[in-house]
1. In nm, give the distance between the simple-model label positions of ALA74 and ALA21, each being 7 Å from the Cα along the Cα-to-Cβ direction.
2. Ignoring ligands, DNA and RNA, please state the percent of accessible area on region 1-57 from carbon and sulfur, probe 1.4 Å.
3. For region 18-83, report the accessible area per residue in Å² (1.4 Å probe, heavy atoms, rounded to an integer).
4. With r defined as the distance between the Cβ atoms of SER43 and GLU14 and R0 fixed at 25 Å, what FRET efficiency is calculated, to the nearest 0.05?
5. Can you compute the modelled spin-label distance between LEU36 and LEU84, with each label point 7 Å from Cα toward Cβ, in nm?
Amino acid sequence: ALAATARRCGPELERYGRCVAASPESWPRDCHGLRLGIARCASAHPLIRQIRRDCADSLGAFERCLREHPGEAAECGGSVSAFLLCAQNVTPGDNPGDNPRDNPGN
């Protein structure tokens, strides 16, 4: 899933990464628009939609950790690991309508 996002949304991810690195104390505010751009880009991919749905709990925990520890992303290693483990275990096409063949207009 991360590889699919990187392939599809690489420029957005790169801009966001540069913004976060340049604003360690204020990145949640300064980079919010770029984060939304990644979300818009990624949400167009069926596998990403499925991961967001199937791993909502661990993704939410990771995002909460980042908000609670601005400038200290290393504090969130456990929550990011849990999310990545969940995302790796998502099987594409488990949900009806997520397969592009099921939605010819996509």
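1. Distance between the two pseudo-spin positions: 1.7 nm.
2. Values: 1980 of 3490 Å².
Within region 1-57, the accessible surface is 57 percent carbon and sulfur.
3. Details: 3860 Å² over 66 residues.
So region 18-83 comes to 58 Å² accessible per residue, rounded to a whole number.
4. Numbers: r = 18 Å, r/R0 = 0.74.
About 0.85, to the nearest 0.05.
5. 2.9 nm
The values are calculated or read from the model by the stated rules, or taken from the named source; none is laboratory data. Because the structure is a prediction, the values reported are computed rather than measured. Positions of Cβ are backbone-derived with ideal geometry, glycine not excepted, and every protein chain shown enters the neighbour counts. We work out accessible area using only protein heavy atoms, side chains counted, and drop any ligands, DNA or RNA first. Shrake-Rupley method; radii C 1.70, N 1.55, O 1.52, S 1.80 Å.
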